[in-house]
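Written below as structure tokens is the structure these notes are about.
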Amino acid sequence: MFFLLLCAYAITFGIQHKVPFLHKKSQFTDKLLACTYCTGFHSGWITYLIDKGGIWLQSGNLEINVCELVLFAFASSMFSYMTDTLVRMMEKYAE
């Protein structure tokens, strides 16, 4: 579970900072990308589907639980927000 949360944060960070073609398309997209909690939510369901897709490729069995997907997305949003806040704090006081 922790590994999946780290993957979700990596996707969040990547979308927010490393994918320039998503920025400056619309006000809505810019506001979404500025919000780590929001982007973390979307990264969470993406991570969940990637994980389940990997299991499906190995076993041929695809079991997606919508409640589990939504709960993981919210856990990912909170984890991404907390991790991003911690990293910013560490960067600020590193000097």
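The values are calculated or read from the model by the stated rules, or taken from the named source; none is laboratory data. All values derive from a computational prediction rather than experimental measurement. So basically every Cβ, Gly included, is an ideal-geometry build from the backbone, and we count neighbours across all protein chains shown.
Side notes on the structure shown:
- Residue tally, condition surrounded by fewer than 10 Cβ atoms within 10 Å (Cβ to Cβ), assigned to a helix (DSSP H, G or I) and either among the β-branched types (V, I, T) or at pLDDT below 95 (or both), over the range 59-89: 2
- Leading residue by the ranking (surrounded by the most Cβ atoms within 10 Å (Cβ to Cβ)) among those in the range 1-58 that are within 24 Å of T85 (Cβ to Cβ) and charged (D, E, K, R): D30
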